[in-house]
1. Can you name every residue in the stretch 406-420 that is small (Gly, Ala, Ser) and assigned to a helix (DSSP H, G or I)?
2. Return the residues of the stretch 258-283 that are assigned to a loop (DSSP other than H, G, I, E, B), touching a residue at least 60 places away in the same chain (Cβ under 8 Å) and over 22 Å from Arg357 (Cβ atoms); say none if nothing qualifies.
3. Any chance you could count how many residues in the stretch 445-494 are more than 16 Å from ligand 3 (Cβ to nearest atom) and among the polar types (S, T, N, Q)?
4. Being of a type outside the set (Phe, Trp, Tyr) and either surrounded by 15 or more Cβ atoms within 10 Å (Cβ to Cβ) or closer than 25 Å to Leu413 by Cα (or both) is the filter here, so list the residues in the stretch 235-250 that pass it.
5. Being closer than 22 Å to Asp222 by Cα, open to solvent by 40 Å² or more (accessible area, probe 1.4 Å) and not in a helix (DSSP H, G or I) is the filter here, so list the residues in the stretch 134-165 that pass it.
6. If we keep just the residues of the stretch 221-230 that are buried (at least 16 other Cβ atoms within 10 Å of the Cβ) and closer than 16 Å to Val166 by Cβ, which is farthest from the chain's Cα centre (by Cα)?
7. Looking for whichever is open to solvent by 30 Å² or more (accessible area, probe 1.4 Å), within 16 Å of ligand 3 (Cβ to nearest atom) and not in a helix (DSSP H, G or I) here; the options are Tyr436, Tyr403. Which one fits?
8. Could you list, in sequence order, the residues of the stretch 284-306 that are surrounded by fewer than 19 Cβ atoms within 10 Å (Cβ to Cβ) and either in a loop (DSSP other than H, G, I, E, B) or more than 15 Å from ligand 3 (Cβ to nearest atom) (or both)?
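The values are calculated or read from the model by the stated rules, or taken from the named source; none is laboratory data. Since the structure is predicted, the reported quantities are computational estimates derived from the model, not experimental observations. Methodologically, a virtual Cβ is constructed for each residue, glycine included, from the backbone with ideal geometry; neighbour enumeration extends over all protein chains shown. Accessible surface areas use protein heavy atoms only, side chains included; no ligands, DNA or RNA. Shrake-Rupley method; radii C 1.70, N 1.55, O 1.52, S 1.80 Å.
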Amino acid sequence: MGVPLESEVHVARELASRGYNAEREAVTLLSGAPDPERAIERTVDSVPGDALTVTADHVHAVLDDGTRVSGGAPATENTGKERTDAGETKGVNTTGERTPSDPENRELDIAGDITGRSTGTGEYKEFVSVFRDRYERLAGQLRSRVNHRPTDSLERMSGGQEAAVVGMVNDIRSTRNGHWLVELEDTNGTFPALITKDRELADYVDELLTDEVIAIEGTLSDDAGILFADSLHFPDVPRTYQPSTADRHVQAALISDVHVGSQEFVAEAWERFTDWLHTAEADPVEYLLVAGDMVEGVGVYPGQDEELDIVDIYEQYETFSERLKEVPGDIEIVMIPGNHDAVRLAEPQPAFDEELRSIMSAHDARITGNPSTVSIEGVDVLMYHGISLDEVIAELPAAKASYDEPHLAMYQLLKKRHVAPQYGGKLRVAPEKKDYLVIDDVPDIFHTGHVHKLGFGKYHNVLAVNSGCWQAQTEFQKRNNIQPDFGHAPIVDLDTLDVTVRKFV
Ligand code: D5M
Ligand code: FE
Ligand code: ZN
């Protein structure tokens, strides 16, 4: 994990790829930081706009500031903000009872929900329209940054000219000489761009996924048949993005993957969590966001039935509903479905239907589609279950996305401004007129689950949180040597976007 980043050469390269020279000592300090990649991000974010060289002072200013939000799983980096609540809240109540919050103070809105707006009939032409819409919207984000030409007009230009293409990545191939050929597609056709192996740009090639939309600037070959790439642009989040925050001290608990109905559902941890929510210490927690996989479901994976505790899907939701009742009644709950839930698998997933809503009605939760943007106290939270994370982690090198650092995979989704860039594999995309999976507006918080690992960090000031699970290791995970992070609840301060991980195991 993160191996290449630890070398000084890599730090220097990372800085260079962002347009900075660096003092030697700055490089040494960064490569020795507990999380070099994050230290680089934060340093680059903090250096004055006109600086060309990253100095040791710049790095000190960042490292000495104390890492309030740590990257990685909770056990790897001690931020001084981890608490173990297991036991503490059982038996003797040392912290006092919760004082219910006033629902009058709540501010909650939901946007981007597909529920009830699905127009897809499954026809081929709708696949065309969803991809066309994706292209148009993401290309719109890129066009203002490059002097782009439609693919079919490039061939008519004279060789040797500078040009740019905005296109969907159609194909990525290595050439015999070890260079890269990236074929971009726009609404007029396709055009090849060559990325030579000795350019810094080659570092980005392993981040590319097919179907994502990027811009490449470069110089046309003599016959104007190929573009020699000089620079590559992702739609991305601006470095200077300023997230909105709540104007009072209020917190949200971010969880996912409860998997009620599985033999591995960890009831004790869940009970410790909900007991803790009833204590005075949890008074500021006014929101609970659940990012999918409420129940284990049935028939999700081959052999799953052997690990079911409750075999009937409706009974699973009834039991989940009982579990929700353990959450204090004044806490506002928002839920989206995941791949184990009883809604269509193709994304965007609509919210639970009427029947399931009535089963889960006890807590009056807000029930919305996957993905959805939930605005709480003025803070926009993009909730997405996270099926695409498996794909991003499989495709990218470990330093850029891994199960141990799922938030890095989330950064890639933010960079590509799409929650499920690559079509195919495990991911199913529903044919719709519009691509609901494009990230039009930059969220303040990005919340996913699915991979059952806890990880969080900031990408261009956006807080990314992958929230772990409430299910102990399954047979599949045992065979694949996956250690799930269960029984943790990341608690976010909505006024500062700081994270505290509470452990209930
Ligand atoms: O997914 C939990 C994680 O484990 C996610 O990364 C997918 C992966 N997983 C779990 N079971 C399987 C099987 N049987 N095949 C492939 N991948 C799997 P969850 O959505 O909770 O199942
Ligand atoms: Fe799950
Ligand atoms: Zn899942």
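1. Selection gives Ala409 alone.
2. If the condition is that a residue be assigned to a loop (DSSP other than H, G, I, E, B), touching a residue at least 60 places away in the same chain (Cβ under 8 Å) and over 22 Å from Arg357 (Cβ atoms), then Glu264, Val266, His278, Asp283 are the ones that fit.
3. 3
4. Pro235, Asp236, Val237, Pro238, Arg239, Thr240, Gln242, Pro243, Ser244, Thr245, Ala246, Val250
5. Asn147, His148, Arg149, Pro150, Glu155, Arg156, Ser158, Gly160, Gln161, Glu162
6. Checked the stretch 221-230; the qualifying residue farthest from the chain's Cα centre (by Cα) is Leu227.
7. Of Tyr436, Tyr403, the one residue that is open to solvent by 30 Å² or more (accessible area, probe 1.4 Å), within 16 Å of ligand 3 (Cβ to nearest atom) and not in a helix (DSSP H, G or I) is Tyr403.
8. Across the stretch 284-306, the qualifying residues are Pro284, Val298, Gly299, Val300, Tyr301, Pro302, Gly303, Asp305, Glu306.
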